[in-house]
Amino acid sequence: MKASETVSAHKLLTRYARGERNFGGISLTAAALKKATLNRIDLAGADLTDACLVRARLVAANLNRADLNGADLSMAVLIDATLSGASLAGTCLQQADLSGAILTGAILSRANLTGANLTGASLIGTCLLNGSQLAEAVLVGATLSRAILNAADLRKANLTRAILSEVDLSGANLNSARLIRAHICRGNLSGADLTAADLSESHLHRANFCLANLTGANLEGADLRAANLNGAKLGGANLRGTNLQQANLNGLTLHEADLQLADLSKADLRGANLTGANLTGANLLEADLRGANLSHANLSGAGLLLTSLRGANLSGANLSQANLIGASLSVANLDDTILEGTILPNGATHH
C-alpha cells in the first residue's frame, strides 16, 4: 500500500476480502466501518481520524502509530491488537475488548474507556491525560508501569494484580476501585480519591499517598513500607496486618481505623489522630507518637518498645498486656488508661 493513499471504506473491505492485509499509511478519515471484520490487518501509521469502527473486529490488528483521534471504537474487539505510539485523543473505546492489547507509549487524551476490557494489556508509559474515562474498566493483570493517569476516572475499575510501578495516578478518581495484590511501588497517588477502594495485599512500597482520600479503604495485609501518607485521610480504613514500617503518617486522621497486628515500627505518627483506633497486637517499635491523640484507642498486647509518646493523649486508652519497655512518656499521659498487665518503661509489670 502506497503511503498516504486515500481509499473508501468500501474499497478497503473489498481488497481485504481478496486477501490483502497490508494497508500501512492509508488514509481512512471519517471512514464508515461499523461492524467490519478486519482481523490481523496492518494499519500501521494509518489515518483513521473520526472513523466509525463501532463493533468492528480488529483482532491482532497492527495499529502502531495510527491516528485514531476522535474515532469511535465502542464495543470493538481489539484482542491482542498493537497500538504502540498510537494517537487516541478523544477516541471512544467504551466497552471495547482490548484484552492482551499493546498500548505502549500511546496517547489517550480525553479517551473514553468506560467499561473497557484491558485484561493483561500493556500500557507501559501510556498517557491517559485530561481526565480520561476508565470507570468500571477491567485492567486485571494489566501492566501500567510509568503510565500517566493523573486525574483519570477509574471509579469501580478492576486493577487486581495490575503492575503499576512508578505510575502517575495523582488526582485520579479510584473510588471503590479494586486494586487487590496490585504492584504500585513508588507510584504517585497524591490527592487521589481511594474512598472504599480495595488495596488488600497490594505492594505499595515507597508509594506517595500525600493528601489522598483513603476513607474506608481496605489495606489489609498491604505493604506500605516507607510510603508517604502525609495529609492522607484514613478514617475507618482497614489497616489490619498492614506493613507500615518507616511510613510517614505525620498528622494523619486515623480515627477508629483498624490497625490490628499492623507493623508500625519506626513509623512517623507525630500528631496523628488515632482516637478509638484498634491497635491490638500492633508493632510500634521505635515509632514516633509524640503529640498523637490515642484517646480510647485499643493498644492491648501492642509492642511499644522504645516508642516516643511524649505529649501523646492516652486518656481512656487500653494498654493492657502492652509492652512499653524503654518508651518515653509522662505519668500525666496515663489518666484513665487501662494498664492491666502492662509492662512499663522500667520493665515492671503493672498490677
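Within segment 32-52, the only residue that satisfies the criterion of being outside any strand (DSSP E or B), small (Gly, Ala, Ser) and either modelled with pLDDT under 95 or touching a helix residue (DSSP H, G or I) at 6+ places or on another chain (Cβ under 7 Å) (or both) is Ala36. For segment 140-149, a tally of residues being more than 11 Å from the chain's Cα centre (by Cα) and not in a strand (DSSP E or B) returns 6.
Consider segment 44-69 and keep the residues that are in contact with a Gly (Cβ under 7 Å, 6 or more places away or on another chain) and aliphatic (A, V, I, L, M). The one that is farthest from Gly25 (Cα to Cα) is Ala66. Kindly establish whether Leu314 is within 23 Å of Gly347 (Cβ to Cβ), touching a helix residue (DSSP H, G or I) at 6+ places or on another chain (Cβ under 8 Å), buried (at least 24 other Cβ atoms within 10 Å of the Cβ) and without any contact (Cβ under 8 Å) to a residue 24 or more places away in the chain. Against the criterion (within 23 Å of Gly347 (Cβ to Cβ), touching a helix residue (DSSP H, G or I) at 6+ places or on another chain (Cβ under 8 Å), buried (at least 24 other Cβ atoms within 10 Å of the Cβ) and without any contact (Cβ under 8 Å) to a residue 24 or more places away in the chain), Leu314 qualifies. In summary, Ser202 fulfils each of the numbered conditions (1) at pLDDT 95 or above; (2) in contact with a Cys (Cβ under 8 Å, 6 or more places away or on another chain); (3) open to solvent by less than 10 Å² (accessible area, probe 1.4 Å) with the single exception of condition (2). Just one of the numbered conditions (1) hydroxyl-bearing (Ser, Thr, Tyr); (2) assigned to a loop (DSSP other than H, G, I, E, B); (3) over 37 Å from the mean Cα position of the chain (by Cα) is not true of Thr29: (3). Selection within segment 123-156: residues that are within 20 Å of Asn218 (Cβ to Cβ) and of a type in the set (Lys, Arg). The member of this set that is least open to solvent (accessible area, probe 1.4 Å) is Arg155. Scanning segment 170-220 for residues that are closer than 20 Å to Arg240 by Cβ and among the acidic types (Asp, Glu) returns Asp198, Glu201, Glu220.
Suppose we keep only residues that are among the aliphatic types (A, V, I, L, M) and farther than 16 Å from Leu123 by Cα within segment 157-188. Which one would you say is surrounded by the fewest Cβ atoms within 10 Å (Cβ to Cβ)? By that ranking, first place goes to Ile180.
The values are calculated or read from the model by the stated rules, or taken from the named source; none is laboratory data. These numbers were taken from a predicted model, which means no experiment stands behind them. We place every Cβ from the backbone using ideal geometry, glycine too, and count neighbours over all the protein chains shown. Surface accessibility is based on the protein's heavy atoms, side chains included, excluding ligands, DNA and RNA. Shrake-Rupley method; radii C 1.70, N 1.55, O 1.52, S 1.80 Å.
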